[in-house]
1. May I ask you to sort D404, D558, D435 by Cβ crowding, counting other Cβ atoms within 10 Å and putting the fewest first?
2. If the cut-off is 19 Å between C-alpha atoms, which aspartates and glutamates fall inside it for K176, apart from same-chain ones fewer than 8 positions away?
3. Looking at region 490-561, I'd like the Rg to Rh ratio, where Rg is from alpha-carbon atoms and Rh is Kirkwood's inverse mean 1/r.
4. So for the chain, averaging the separation of alpha carbon pairs under 8 Å that are six or more residues apart and normalising by length, what relative contact order in percent results?
5. Students often get this wrong, so check it: of K347/K387; K448/K520; K387/K471; K364/K451, which have C-alpha atoms separated by over 18 Å?
6. Given labels modelled 7 Å from the Cα in the Cβ direction, how far is it in nm from E116 to V383?
7. Which entries in the list K245/K381; K438/K467; K179/K202; K15/K83; K171/K245; K10/K181 go over 22 Å, if you measure between the two C-alpha atoms of each?
8. Filter the GluC sites (Glu not before Pro) in region 312-399 down to the DSSP loop ones having no more than 16 other Cβ atoms within 10 Å, then list what survives.
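Readers should treat all values here as calculations from the given coordinates under stated rules, not as data from a laboratory. Remember, predicted model here, so these are calculated numbers, not experimental data. Cβ placement follows ideal geometry from the backbone for every residue including glycine, while neighbour counts extend to all protein chains displayed.
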Amino acid sequence: MIKGLYQIGKIYDVKIVDSFVEEIEENKKNKKYIIEINFDTGEKKISLSSKEYSKGDEYKYNFIKMGLTGRQNQIFVVFDDVKRIYGDGKIHSIWISLKNEIEDGGLKNKISKVEEIFYENYKLKEEYKKSIENYLKESNINKKEIAFWVVKVDNEYIHNNESYLNLIEKKVLEEKFEKGKIICHLCSKKTEKFYTDFSRLKMKIYINDKVGFSQNISNNWEGNFALCENCYKILIRGQSFVLNKFSLKVGNIDYSIIPEFIKEPKLSKDNLERWSEYVKFYKNPFEFFKNEFEENIEDYIKFEDNANFVLLNYLFYEKNNQQFKVFGLIKDIPNGRIEKLREEFKKIINEFRVFFEDGSYIIKNLSDIYYLIPLRISDNKIVDIQKIMNLFFAIFNENVVDIDNLIYDFTLGFRAIYYENSAYHLSKYFKNKNDEIKYILKTHQLLKFLKGGESDMNFDILEEDYKNYIKTCSFDEKETALFLLGIVIAKIGSIQYTSYKYKPILEKVNFSGMNKEKLKNLYNEVLEKMKQLGIYGNYEVIYSLSKQLFDKNLKNWDLKSYENTYFILSGYAFETYRILKGG
Ligand SMILES: [Zn+2]
């Protein structure tokens with residue numbers, strides 16, 4: 001991984017200050033204002049102005065955060081937390097840190113004046129605070145809509161002051177270097193000035209490939225990895241590019257793609273960003289078939305040449321202020337695997353769109369799969385992250401997945417959606433009426449995606465649609481028996497629904513599992529209801545085939561109780577979809 005950062009950093013040749021600029025995430029569409037605050041020391045007043053944020057402004061204004069924690073001096077004059085000028089205690093005020101560290105004497109004096117005039121006990125005086133709040137109110141700007149604040153003193157910006165820029169560079173370079181004769185671990189050149197402290201980098205814990213994955217979480221640094229200044233700068237730039245251009249989300253989980261070249265890439269700084277789009281949206285199984293890239297791939301065709309010489313690494317993490325908590329790492333995925341995954345998803349789409357016109361009923365990429373595994377949430381955070389990480393890992397690496405376990409999870413997922421249980425992440429995603437149906441139908445596709453194959457069973461007496469679906473999902477005889485029973489239950493349910501607005505028959509299906517005895521009872525109850533409601537014709541055929549398959553396999557019935565439930569729900573979902581679509 002460090003190799004990838006290094007390779008990209010070499011191409012992404014920008015100034016150190018620029019590589020600490022924090023880009024405003026594109027999905028944060030509400031961040032649209034830049035507020036400038038001028039401290040006028042002559043007139044002793046604060047004046048404000050605002051403009052709409054546009055892409056690239058963070059570079060114009062040097063919007064820098066750097067990995068500084070709360071206790072360290074925060075010197076940045078462009079920031080997103082207004083507390084920094086309100087001065088909520090010593091730590092938050094920008095002036096103190098700046099005055100102590102900046103070398104420009106003139107600016108130092110001015111800052112002292114600002115403190116004298118506008119502050120009292122490190123706090124912005126109430127009247128000035130009020131004028132800021134009033135300005136926002138009058139301009140109808142919500143604090144959440146502010147991309148960042150910019151400070152001026154006597155109408156002069158500080159963020160482009162040379163002394164200020166030097167100070168930022170000093171934080172990264174001078175404050176961190178060590179002296180002594182070493183050989184750089186990356187370029188193998190002898191150097192007398194080197195770096196082993198990477199705390200300015202957010203991905204510091206990943207810089208050393210020798211530090212095993214287990215240690216990545218603990219944040220412990222072995223300190224045996226030393227770099228010359230040039231290589232240190234290259235890594236900083238590589239990290240900056242990856243975090244700004246290769247970061248995405250799957251659900252609530254942040255991840256970054258870190259590409260690694262096997263062969264020297266034909267890329268220049270100018271087309272690096274376009275290439276990153278190509279990788280991020282086209283070569284990324286989390287984004288397959290989701291965006292216009294699939295159609296506009298010709299515009300990016302020149303990058304295909306390089307594709308075979310790139311390995312992709314996926315780093316999953318949580319951004320907690322400036323801290324980086326890592327959940328998982330998927331390493332060294334070659335282009336061949338990515339393309340095979342695209343083919344596999346394409347196959348699923350083609351096979352299942354025959355049954356479901358509505359595209360939202362079909363899984364197209366790994367992000368869709370993310371919502372099929374029930375994950376517990378607590379305090380808005382996902383608790384079972386490892387569960388989904390393991391599945392992604394298995395899919396990328398073509399490892400065997402425990403299907404039994406998955407089916408158990410599907411019954412759990414169904415219940416969470418059906419009962420609107422907000423303790424699981426997927427009930428927020430499948431929140432519309434009948435979404436539990438959509439959920440079950442999508443799980444069929446995941447099973448097919450993981451297992452492949454097609455069953456050779458051919459029940460001529462069944463309608464084409466059922467016959468083909470059973471084949472596509474490759475249900476075996478026992479599974480088919482219960483799937484067919486589920487179809488009849490769906491029919492009963494829909495008739496009941498028209499008169500009672502709910503489906504009493506569903507109460508006969510135990511969502512958490514049904515053993516063989518319970519299944520026998522269910523068969524009897526379904527038959528009784530059919531007679532009661534006068535359900536004949538096709539459904540009679542389906543029922544009797546179901547019963548026949550059930551009786552035939554009863555002696556060696558080895559499906560677990562939750563599997564029994566799942567396959568009944570499968571038929572229920574399929575038929576309910578047909579009934580709903582049929583009007
Ligand atoms: Zn070096």
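1. Values: D404 12, D558 7, D435 17.
Placing the least packed residue first, the sequence is D558, D404, D435.
2. Correct list for K176: D18, E101, E103, E192, D197, E222, E229.
3. On the way: Rg = 13.1 Å, Rh = 13.3 Å.
A ratio of 0.99.
4. Values: 841 pairs, mean separation 65.6, N = 583.
It rounds to 11 percent for the chain.
5. On the way: K347/K387 26 Å; K448/K520 28 Å; K387/K471 30 Å; K364/K451 16 Å.
The pairs that break the limit, which is 18 Å between Cα atoms, are K347/K387; K448/K520; K387/K471.
6. Label at E116, label at V383, 5.8 nm between them.
7. Numbers: K245/K381 25 Å; K438/K467 20 Å; K179/K202 24 Å; K15/K83 29 Å; K171/K245 24 Å; K10/K181 24 Å.
From the list (K245/K381; K438/K467; K179/K202; K15/K83; K171/K245; K10/K181), the Cα-Cα distance tops 22 Å for K245/K381; K179/K202; K15/K83; K171/K245; K10/K181.
8. Numbers: sites: E318, E339, E343, E344, E351, E357, E398; in loops: E357, E398.
Taking region 312-399 and a limit of 16 other Cβ atoms within 10 Å, the loop GluC sites (Glu not before Pro) found are E357, E398.
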